[in-house]
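Read the figures in this text as sums done on the coordinates, not as results from a lab. Here the structure is a predicted model, which means the values were calculated and not measured. Positions of Cβ are generated from backbone atoms using ideal geometry, with glycine treated the same way; all protein chains shown enter the neighbour counts.
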Amino acid sequence: MSPSRLSQILAAQHAGTPGNRIVRAMSERGALSAAEIARATGLARSTISTALSELKESGIVIEAADQNDTAKGVGRPAITLKLNPEAGTCVGVHLSLDSIQLVLADVSHSVIAEKSINLGVDYPVAAVSAAIKTAVARLYEENGLPLSRLLGLGVSVSGPVGPDGVIRHSSIVPSWTGTNVPRVFGELFRCPVFADNESNCAAVAEMMWGAAQGERDFVLFKIDLGVGGAIVHGGEVIRGIAGGAGEFGHISVEPNGDLCRCGNRGCLEIYASFNRPLAQMERTHGKRMTMDDVILLAENGDTGAQRLIADTGEVAGRGLAIIGTIINPPLIIIGGRLALAGNMLIDPLRRVFEKHTHLKPGRKSASGATRIAVGDFTGNDSLLGAVGMVLRSQGR
Ligand SMILES: [Zn+2]
């Protein structure tokens with residue numbers, strides 16, 4: 001049986017019905033066994049059984065092909081079920097400094113295709129709208145999919161985005177400031193559009209598929225050429241009144257420090273990002289370098305590269321201690337490309353965090369200590385999170 005479009009099926013159901021709650025759980029988490037559905041939804045097994053029969057009959061839910069991964073213990077492996085990939089697809093878009101990245105995924109959480117388009121620095125809204133419309137149409141055509149199955153578009157932006165979807169100032173694409181993303185892209189595709197800051201999207205990706213799976217409360221701290229962050233509470237990203245929550249990079253730590261791109265002085269980003277250290281490496285080595293180059297040099301014993309990574313970890317740790325004292329989160333995920341330096345970054349970061357944060361590990365039980373872990377995604381986290389926003393919205 002060919003399934004109807006997922007959004008139509010969900011619209012026809014009353015919100016909060018067992019079927020609706022199961023679809024939402026699968027949309028958020030991918031393939032699940034009946035026991036996992038019970039844990040995720042709190043529904044009784046008999047209710048789940050009835051609802052799953054209806055969902056399978058209407059073609060919304062199918063059995064997952066590979067059941068070995070979830071088989072536990074002896075006896076018959078647990079059957080896992082997932083949303084039928086034919087029930088809908090979604091597109092994630094990441095607007096970065098000089099290019100846009102797109103990913104096409106289906107509701108079973110499979111990535112079907114990815115694309116990248118270079119547009120030059122500070123590209124105008126009209127140029128990107130046209131480019132995305134063409135690119136999405138081509139992605140669907142190349143993969144033999146009908147555009148009518150597009151359930152939603154998730155857009156990740158390198159800058160603050162208000163809960164109304166409007167891009168605020170200090171975005172790294174200045175000409176986009178004031179743009180209402182859902183309105184601009186909603187007109188192109190006539191589907192729901194979700195927009196958020198890139199670090200908030202990265203937190204969604206880590207929560208759905210990465211190092212924060214199963215965590216309801218955590219903080220993400222991204223160390224790259226800038227510093228970004230996100231706060232997740234009760235499984236939801238905290239956005240603040242104008243989308244500025246979690247902008248840890250713009251905590252002013254030196255009142256008389258250098259001017260930041262945001263207009264403040266002495267922002268944490270100036271000291272805890274890898275922007276200045278990278279420029280120093282380029283100066284001393286006399287050539288253009290990437291963050292990957294510096295990490296590789298450090299791994300091969302270059303003491304200068306090791307020192308710059310450790311110093312960055314120490315400054316980040318001091319900044320994180322402020323966040324730790326304010327929020328006291330159970331988990332801090334370190335993201336961004338510098339996280340690929342692993343313990344060269346994390347060890348000094350953790351040491352300084354513990355030194356400066358209010359509650360020291362020694363003063364509380366081991367179970368009360370903030371855990372610091374490297375994220376599972378460092379390069380494409382925002383793009384995957386953009387898709388994650390759409391998947392999480394299904395069944396709500
Ligand atoms: Zn700033």
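Numbers below:
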read-out: Net charge dipole size for region 224-274 [Lys, Arg +1 and Asp, Glu -1 on Cβ; Debye, nearest 20]; value: 120
read-out: Tilt relative to the chain, helix 18-29 - C-alpha long axis, 0 to 90 degrees, to 10; value: 40
read-out: Shape call, region 293-396: gyration tensor on alpha carbons, a/c limit 1.5; value: oblate
read-out: Spread of Cα-to-Cα distances over 5 Å intervals beginning at zero, given as percent, for region 178-313; value: 2, 9, 14, 15, 15, 16, 13, 8, 5, 2, 0
read-out: Derived scalar couplings ³J(HN,Hα) [region 259-265; Karplus, 6.51 cos²θ - 1.76 cosθ + 1.60; whole Hz; x for Gly, Pro]; value: 5, 9, 4, 7, x, 7, 10
read-out: Kirkwood Rh in Å, taken over the chain so that all alpha-carbon pairs contribute; value: 22.4
read-out: Cα centre as origin, Lys/Arg/Asp/Glu Cβ charges: the chain dipole, Debye; value: 840
read-out: Pair V121, H285: separation of 7 Å Cα→Cβ label points (nm); value: 2.2
read-out: Residue (of A40, V374, I112) at the positive-pole extreme of the chain, dipole from beta-carbon charges; value: A40
read-out: Tilt relative to the chain, helix 275-285 - C-alpha long axis, 0 to 90 degrees, to 10; value: 60
read-out: Length released on extending from L296 to R261, taking residue separation times 0.36 nm less the Cα-Cα span; value: 9.7 nm
read-out: Order by protection proxy (mean Cβ within 10 Å, highest first), peptides 204-212, 133-141; value: 204-212, 133-141
read-out: Principal-axis tilt of helix 125-142 within the chain, Cα atoms, nearest 10 degrees; value: 50
read-out: Residue order, fewest to most surrounding Cβ atoms within 10 angstrom, among C90, C262; value: C262, C90
read-out: Cα gyration tensor shape for region 171-257, rounded if a/c is under 1.5, else prolate or oblate; value: oblate
read-out: Long-range HN-HN contacts of G335 with modeled amide H, under 5 Å; value: F221, K222, I223, G375
read-out: Paramagnetic label zone (point 7 Å from Cα along Cα-to-C-beta, T325; backbone N under 17 Å) in region 260-274; value: 268
read-out: Spin-label pair L359/A40, simplified geometry with 7 Å Cα→Cβ offset, distance in nm; value: 3.0
read-out: Cα gyration tensor shape of region 118-244, rounded if a/c is under 1.5, else prolate or oblate by comparing a/b with b/c; value: oblate
read-out: Amide H contacts under 5 Å for A195, placed H, 5+ residues apart; value: V155
read-out: Computed [θ] at 222 nm, helices only, for the chain once each DSSP H run of length n ≥ 4 contributes -39500 (n - 2.57); value: -12000 deg cm²/dmol
